[in-house]
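Since the structure comes first, as structure tokens, the remarks are kept for the end.
The values are calculated or read from the model by the stated rules, or taken from the named source; none is laboratory data. For clarity, every value in this text was computed on a predicted model and none was experimentally measured. Note that each Cβ is placed from the backbone with ideal geometry, even for glycine, and that neighbours are counted across all protein chains shown.
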């Protein structure tokens, strides 16, 4: 899945939803856009907790027409365990959902697009910061 394919972190999708023109422009060059199942869950949580859940769920659902969701499986779980073990060993924990996001990125060999610097603690993860 390498090449013109990317995996978006939640914070990038939120910037897209806010109308951030630099994020919108940056996404136009990519052939395929993916999000992990965890990002979808975070987006749905944010929508349901918002002041206008109906509007924001529609926004999430409309976005799903422009990307593909990658689900977890036994390979994802193994990647998660390896990543978390390495982070705990070096005393550098990061948020749990971000470990799952990294596990999906590694599984599918995708560049993770994010604004979270703590992903740099994960060895072998391809990251682009927007």
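Being crowded, with 17+ Cβ neighbours inside 10 Å, touching a strand residue (DSSP E or B) at 6+ places or on another chain (Cβ under 7 Å) and modelled with pLDDT of 95 or more is the filter here, so list the residues in segment 23-50 that pass it.
Scanning segment 23-50 gives 33, 34, 35, 36, 39, 40.
For segment 51-68, state whether one or more residues are in contact with a strand residue (DSSP E or B) (Cβ under 6 Å, 6 or more places away or on another chain), within 15 Å of residue 5 (Cβ to Cβ) and exposed (fewer than 15 other Cβ atoms within 10 Å of the Cβ).
Taking every residue of segment 51-68 in turn, at least one turns out to be in contact with a strand residue (DSSP E or B) (Cβ under 6 Å, 6 or more places away or on another chain), within 15 Å of residue 5 (Cβ to Cβ) and exposed (fewer than 15 other Cβ atoms within 10 Å of the Cβ).
Looking at 97, 20, 4, which is the one that is surrounded by 12 or more Cβ atoms within 10 Å (Cβ to Cβ) and closer than 23 Å to residue 125 by Cβ?
Being surrounded by 12 or more Cβ atoms within 10 Å (Cβ to Cβ) and closer than 23 Å to residue 125 by Cβ holds for just one of 97, 20, 4, which is 97.
Hey, residue 112 hits all of (1) surrounded by fewer than 22 Cβ atoms within 10 Å (Cβ to Cβ); (2) in contact (Cβ under 8 Å) with a residue 40 or more places away in the chain; (3) touching a helix residue (DSSP H, G or I) at 6+ places or on another chain (Cβ under 7 Å) but one; which does it fall short on?
(1)
Is it fair to say residue 39 is touching a residue at least 40 places away in the same chain (Cβ under 8 Å) and on the phi < 0 side of the Ramachandran plot?
Yes; evaluated as a whole, the condition is true for this residue.
Looking at residue 14, is it surrounded by 13 or more Cβ atoms within 10 Å (Cβ to Cβ) and in contact with a helix residue (DSSP H, G or I) (Cβ under 7 Å, 6 or more places away or on another chain)?
Here the answer is no, as residue 14 does not meet what is asked.
In this structure, is residue 11 within 22 Å of residue 127 (Cβ to Cβ), in a helix (DSSP H, G or I) and modelled with pLDDT of 95 or more?
When the stated conditions are applied, residue 11 passes them.
Look through 102, 47, 81 and report the one residue that is touching a residue at least 12 places away in the same chain (Cβ under 8 Å) and farther than 20 Å from residue 5 by Cα.
47
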